[in-house]
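Asks: What follows is a single structure, and I will ask about it in a moment.
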Amino acid sequence: MASSLTYIEVAIALPVYNTYTYSVPENLGELVSTGKRVLVPFGRRRVTGYILGQGKDKNQEGIKTALDILDEKPLFPSSMIPFFRWTADYYLHPIGDVIKCALPGGLNLYDFFTIAITEKGEDALLNNSTTPLENEILNRLKTGPCRFKDLNKNFNKHVPNALIHSMESRGVIVCNRKLKGGSTKPKMERYVSLLHSDIPMKKLSNSRKKIIETIKNLDEISVKKLQERVPSAPKLIKSLETAGYLSIFQKKVYRDPFGEPIAPDTAHKLTKEQKSVIHTVTESLGREFTTCLLAGVTGSGKTEVYMQLAAKVISLGYSVLVLVPEIALISQMERRFRARFGECVAILHSGLSAGERYDQWMRIARRKAAIAIGARSAVFAPFANIGIIIVDEEHDTSYKQEGGLRYNARDLAVVRAKLNNGVALLGSATPSIQSYYNTTTKKFKAVTLKKRVEKRPLPEITVVDLCKSRDVRGIRRFITPELHLEMKATLVRGEQVLLFLNRRGFASYPVCAACGEAIRCKNCDITLTLHQKINAYKCHYCGFTRASTSNCTSCGSAKILLLGIGTEKVEAAVKSLFPDARTARMDRDTTRRKGSILKILKGLRNQTTDILVGTQMVAKGHDFPNITLVGIICADLSLNFPDFRAGERTFQLLAQVAGRAGRGAVPGRVILQTYNPKHFAILSATKQDFQTFYNEEINFRKSLNYPPFSRMVQLNISGKDKEKTRQHAQDIGDLCDTLKKNNSSFLKSVEILGPIEASLPRIAKRYRWQILLKCPSIKQLHRFLHQLWFDKKTNISIRDVKVVLDVDPFLMT
């Protein structure tokens with residue numbers, strides 16, 4: 001029997017680190033292919049796995065047999081498997097979960113238990129022959145079957161597994177296994193085609209004749225499109241099928257995630273700088289792995305460079321992957337690439353429906369698209385032959401995933417390019433310190449665009465010291481006379497204004513006027529923010545809300561002072577100052593609905609919006625030529641974060657938002673309001689001087705041994721019990737110290753900071769502690785982590801306290 005089986009290596013879509021060997025029955029043998037999903041038994045369950053290749057025949061009993069092959073075509077090419085393995089190893093994450101994160105959601109099947117009451121159980125209830133907890137369980141099951149984990153939620157207490165097994169053995173309940181999932185599937189649509197051409201047209205009605213003529217001209221057509229030409233078609237085609245004239249059949253179709261059609265364009269004339277960049281990058285295409293850092297000032301034509309490079313890559317028979325940090329930017333990039341390249345462009349991001357994302361993924365996997373544009377998850381796009389990976393705004397922190405698989409898409413782009421012997425092109429007007437440092441060590445190749453296209457000048461920046469208006473009350477405190485006058489003049493000229501404040505909501509610090517106590521979240525150690533549109537105080541961490549009419553929880557007073565500022569308050573102030581201006585707001589609150597981002601950007605593009613108020617979403621890469629004034633309401637908000645990158649982020653954000661001004665024929669102006677006009681990050685941003693900022697910042701990093709002079713890993717420890725969480729953090733800290741002391745190489749190289757309570761000690765009812773590990777060598781740090789994470793796993797994992805490993809962390813709060 002064994003000779004009729006083949007063996008496959010399978011990664012399970014569960015948090016398990018190993019891969020497993022399964023045998024494949026002969027009837028499924030021809031369907032086996034690397035990159036397909038497979039349904040396999042795992043323990044007592046049936047789960048989805050991913051075929052990674054040929055497994056090893058271990059000549060032993062106990063190898064389980066695969067149950068089914070779930071895909072007609074592979075979901076990813078075999079060339080991606082080394083990339084998945086590298087990602088799993090580097091981030092110490094289960095490989096099956098890495099692949100699951102990469103794929104479109106809703107594909108996988110899972111086995112789960114449902115528990116139902118039996119007749120014997122109902123009799124036991126009537127006879128009162130069960131314990132109080134058993135009574136509760138049986139009464140709940142009388143309303144219908146449920147999953148075991150739902151029982152715990154319903155009763156808000158732990159239901160022991162042993163109790164469920166006991167009740168099942170006594171016959172009062174029954175446990176059934178069911179498969180769930182697989183909700184994302186190809187879209188099917190009805191099509192019609194003619195069975196033969198000799199149809200007696202004279203016998204047919206005019207509508208039926210029109211249907212036949214339409215199909216003749218097109219060979220086949222969807223019923224949906226046919227109805228647009230002949231409204232009664234859905235009713236008439238059945239009789240034509242019965243008469244043997246045509247065939248009605250189901251066909252797979254792609255859902256269209258794109259908006260309105262876009263007029264085609266042609267390649268623009270390049271500047272000398274652009275030609276030089278393209279020549280330098282092209283030298284490596286198809287020859288050797290290279291990472292290039294394109295440092296180009298805002299408005300220097302980086303996107304045109306990307307598109308002309310993409311054209312060269314496609315002409316060589318390779319694929320192009322373009323990453324952008326925000327969904328808001330994908331619309332603009334996608335429009336420009338579609339105008340140039342047409343239907344060969346696919347998009348991948350979380351703003352698509354599950355079905356749309358699946359269709360775009362399959363277009364790439366089936367080589368129907370040569371270019372993919374997307375946010376960070378698009379780094380996993382299933383291309384088999386990538387020639388170039390372009391990472392626009394490479395400095396942006398949005399490329400770092402903060403939940404589940406905590407990867408950095410920019411770093412993975414470089415790794416994937418290396419594994420494909422391709423080119424990684426990282427572009428930014430404000431490069432990250434890490435990337436720029438890599439050019440000084442010759443790890444990356446530096447290419448630059450120092451001038452704006454068409455010799456447009458950089459915007460003139462005026463700094464306004466907010467300390468001078470500290471005692472001013474009302475609107476004038478944050479819309480200073482200088483900003484107000486510039487806005488007025490800009491609107492009179494028929495130009496557009498952008499106001500930037502990196503804080504949403506109306507009032508960020510509501511405080512009781514009677515006792516001075518802040519209005520705080522009940523789940524987090526943070527103040528709530530008032531959102532006027534929803535008439536509620538809201539926590540930006542856990543989502544908790546409290547009615548805006550609520551009294552102080554400490555003293556009961558109804559008088560609440562609405563201190564602090566957010567984009568909602570700025571928008572309201574602007575509308576009162578300029579009632580005739582058309583004002584819009586762009587932040588997370590106004591862009592939740594599908595299509596809302598496109599609507600706001602369309603208003604700017606069509607000049608139906610005069611003033612746009614927004615958070616950092618407006619600072620990144622947008623190109624609107626009629627915006628000639630940028631007002632930065634308060635430049636200091638990110639300076640005081642408890643994070644060694646605070647200065648870098650402030651410089652990048654200010655330089656980027658300033659760069660939105662004057663991208664057309666009219667020169668731009670920026671009014672930068674700050675309480676710290678002499679801070680080196682503010683001064684450098686004012687002068688658009690990256691080199692001066694870098695020279696200052698790199699010395700600070702070196703003196704404190706922060707990246708790029710070390711590599712870091714953060715252990716995040718959280719739990720609902722304050723003391724238990726503190727104690728476990730202390731235990732892990734002791735474990736780290738012991739590992740370090742017992743190994744001479746660790747003793748010299750690994751630095752342990754903590755355990756320490758997080759700067760936000762409680763979020764979503766969970767108490768938070770942190771341990772930071774630093775080491776000059778990533779290999780040495782990984783050796784340390786492997787001993788800690790795998791060899792001491794029983795010491796790390798305990799009930800009710802969660803420990804998360806974050807390699808190369810970005811958020812230190």
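The values are calculated or read from the model by the stated rules, or taken from the named source; none is laboratory data. Computed from a predicted model, the values in this text were never measured in an experiment. Positions of Cβ are backbone-derived with ideal geometry, glycine not excepted, and every protein chain shown enters the neighbour counts. Ligands, DNA and RNA are excluded from the accessible area calculation, which covers all protein heavy atoms including side chains. Shrake-Rupley method; radii C 1.70, N 1.55, O 1.52, S 1.80 Å.
Asks: Of (1) assigned to a strand (DSSP E or B); (2) open to solvent by 30 Å² or more (accessible area, probe 1.4 Å), LYS488 satisfies all except one. Which?
Replies: The one condition LYS488 does not meet is (1).
Asks: Ok, one more. What tally of residues in region 334-347 results from selecting those that are open to solvent by 10 Å² or more (accessible area, probe 1.4 Å) and closer than 22 Å to THR282 by Cβ?
Replies: Residues meeting the conditions: 4.
Asks: So, in region 355-369, of the ones that are among the hydrophobic types (A, V, I, L, M, F, W, C) and part of a helix (DSSP H, G or I), which residue ends up modelled with the lowest pLDDT?
Replies: Of everything passing the filter in region 355-369, MET362 is modelled with the lowest pLDDT.
Asks: Moving on. Could you check region 554-607 and list, in sequence order, the residues that are more than 19 Å from VAL492 (Cα to Cα), of a type in the set (S, T, N, Q) and not in a helix (DSSP H, G or I)?
Replies: SER554, SER557, THR590, THR591
Asks: Restricting attention to region 531-545, does a residue exist that is of a type in the set (Gly, Ala, Ser), closer than 19 Å to ILE475 by Cα and surrounded by 16 or more Cβ atoms within 10 Å (Cβ to Cβ)?
Replies: No.
Asks: Within region 59-90, restricting attention to residues that are part of a loop (DSSP other than H, G, I, E, B) and of a type in the set (Lys, Arg), which residue is least open to solvent (accessible area, probe 1.4 Å)? Step through it out loud before you land on a result.
Replies: Within region 59-90, the subset part of a loop (DSSP other than H, G, I, E, B) is 59-64, 66-67, 70-77.
Checking which are of a type in the set (Lys, Arg) leaves us with 64, 73.
Numbers: LYS64: 82, LYS73: 105 Å².
This residue is LYS64.
Asks: Would region 437-445 turn up any residue that is in contact with a strand residue (DSSP E or B) (Cβ under 9 Å, 6 or more places away or on another chain) and surrounded by 23 or more Cβ atoms within 10 Å (Cβ to Cβ)?
Replies: So far as region 437-445 goes, no, none of its residues is in contact with a strand residue (DSSP E or B) (Cβ under 9 Å, 6 or more places away or on another chain) and surrounded by 23 or more Cβ atoms within 10 Å (Cβ to Cβ).
Asks: Okay, moving on. Have a look at ALA424, ALA413, ALA372, ALA384 and point out the one that is outside any strand (DSSP E or B) and open to solvent by less than 10 Å² (accessible area, probe 1.4 Å).
Replies: ALA413
Asks: Go through (1) within 21 Å of ARG605 (Cβ to Cβ); (2) touching a residue at least 60 places away in the same chain (Cβ under 8 Å); (3) of a type outside the set (Val, Ile, Thr) for ARG366 and report which single condition fails.
Replies: Condition not satisfied by ARG366: (1).
Asks: Hey, does region 404-419 have a residue that's out of contact with any helix residue (DSSP H, G or I) (no Cβ under 9 Å at 6 or more places or on another chain), acidic (Asp, Glu) and within 18 Å of LEU321 (Cα to Cα)?
Replies: no
Asks: Right, another one. As an exercise: evaluate LYS56 against (1) open to solvent by 80 Å² or more (accessible area, probe 1.4 Å); (2) part of a strand (DSSP E or B) and give the number of the one condition it does not meet.
Replies: (2) is the only condition that LYS56 fails.
Asks: I need the full set of residues from region 616-654 which are in a loop (DSSP other than H, G, I, E, B), touching an Asp or Glu at 6+ places or on another chain (Cβ under 8 Å) and open to solvent by less than 20 Å² (accessible area, probe 1.4 Å), in order please. Let's see the steps before the verdict.
Replies: Filtering region 616-654 for residues in a loop (DSSP other than H, G, I, E, B) gives 619-626, 633-645.
Narrowing the set further to residues that are touching an Asp or Glu at 6+ places or on another chain (Cβ under 8 Å) leaves 620-621, 626.
Selection gives LYS620, GLY621.
Asks: Quick check on this structure: which one of PHE709, PHE693, PHE651 is aromatic (Phe, Trp, Tyr), farther than 15 Å from PRO431 by Cα and out of contact with any strand residue (DSSP E or B) (no Cβ under 7 Å at 6 or more places or on another chain)?
Replies: Checking each option against the conditions leaves just PHE709.
Asks: Quickly run through region 525-548 and pick out the residues that are in contact (Cβ under 8 Å) with a residue 24 or more places away in the chain and part of a loop (DSSP other than H, G, I, E, B).
Replies: Hits for region 525-548 are ASP525, ILE526, GLN532, LYS533, HIS540, TYR541, CYS542.
Asks: Considering region 455-485 alone, what residues qualify as being surrounded by 14 or more Cβ atoms within 10 Å (Cβ to Cβ), among the basic types (Lys, Arg) and within 15 Å of LYS569 (Cβ to Cβ)?
Replies: ARG476, ARG477
Asks: Going through region 549-570 one residue at a time, which ones are open to solvent by less than 40 Å² (accessible area, probe 1.4 Å) and within 15 Å of SER508 (Cα to Cα)?
Replies: Correct list: ILE560, GLY564, ILE565, GLY566, THR567, GLU568, LYS569, VAL570.
Asks: Would you please name the residue that is nearest to GLU648 (Cα to Cα), looking only at residues in region 659-691 that are in a helix (DSSP H, G or I) and under 30 Å from the mean Cα position of the chain (by Cα)?
Replies: That would be ALA681.
Asks: Run down THR439, THR480 and say which single residue is of a type in the set (Ser, Thr, Tyr) and in contact with a helix residue (DSSP H, G or I) (Cβ under 8 Å, 6 or more places away or on another chain).
Replies: None of the others qualify; the one that does is THR480.
Asks: Give me a count of the residues in region 796-813 that are open to solvent by 80 Å² or more (accessible area, probe 1.4 Å) and over 14 Å from ILE771 (Cα atoms).
Replies: So the answer is 2.
Asks: Name the single residue, out of those in region 310-326 being touching a Ser or Thr at 6+ places or on another chain (Cβ under 7 Å) and under 21 Å from GLU393 (Cα atoms), that is least open to solvent (accessible area, probe 1.4 Å).
Replies: Restricting to residues being touching a Ser or Thr at 6+ places or on another chain (Cβ under 7 Å) and under 21 Å from GLU393 (Cα atoms), the top hit is PRO325.
Asks: What residue, among those in region 746-773 that are within 19 Å of LYS792 (Cα to Cα) and outside any strand (DSSP E or B), is most open to solvent (accessible area, probe 1.4 Å)?
Replies: LEU747
Residues are listed down the side, and each one gets a yes or a no for (1) part of a loop (DSSP other than H, G, I, E, B); (2) in contact with a helix residue (DSSP H, G or I) (Cβ under 7 Å, 6 or more places away or on another chain); (3) open to solvent by 30 Å² or more (accessible area, probe 1.4 Å):
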residue: TYR22; (1), (2), (3): no, no, no
residue: LEU28; (1), (2), (3): no, no, no
residue: LEU39; (1), (2), (3): no, no, no
residue: ARG46; (1), (2), (3): no, no, yes
residue: TYR50; (1), (2), (3): no, yes, no
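Asks: Out of all the residues in region 209-227, which are surrounded by 11 or more Cβ atoms within 10 Å (Cβ to Cβ) and in contact with a Ser or Thr (Cβ under 8 Å, 6 or more places away or on another chain)?
Replies: Of the residues in region 209-227, the ones surrounded by 11 or more Cβ atoms within 10 Å (Cβ to Cβ) are 209-216, 218, 220-227.
If the condition is that a residue be surrounded by 11 or more Cβ atoms within 10 Å (Cβ to Cβ) and in contact with a Ser or Thr (Cβ under 8 Å, 6 or more places away or on another chain), then ILE215, LYS216, GLU220, ILE221, LEU226 are the ones that fit.
Asks: Looking at region 692-713, can you tell me whether even one residue there is in a loop (DSSP other than H, G, I, E, B), open to solvent by 60 Å² or more (accessible area, probe 1.4 Å), within 30 Å of CYS775 (Cβ to Cβ) and without any contact (Cβ under 8 Å) to a residue 12 or more places away in the chain?
Replies: no
Asks: Next question. Being touching a strand residue (DSSP E or B) at 6+ places or on another chain (Cβ under 6 Å) and surrounded by 17 or more Cβ atoms within 10 Å (Cβ to Cβ) is the requirement here; does THR674 meet it? Steps first, please.
Replies: Details: touching a strand residue (DSSP E or B) at 6+ places or on another chain (Cβ under 6 Å): no; surrounded by 17 or more Cβ atoms within 10 Å (Cβ to Cβ): yes.
For THR674, the condition - touching a strand residue (DSSP E or B) at 6+ places or on another chain (Cβ under 6 Å) and surrounded by 17 or more Cβ atoms within 10 Å (Cβ to Cβ) - is not met.
Asks: Just a yes or no: is a residue in region 263-277 among the charged types (D, E, K, R) and modelled with pLDDT under 90?
Replies: Taking every residue of region 263-277 in turn, at least one turns out to be among the charged types (D, E, K, R) and modelled with pLDDT under 90.
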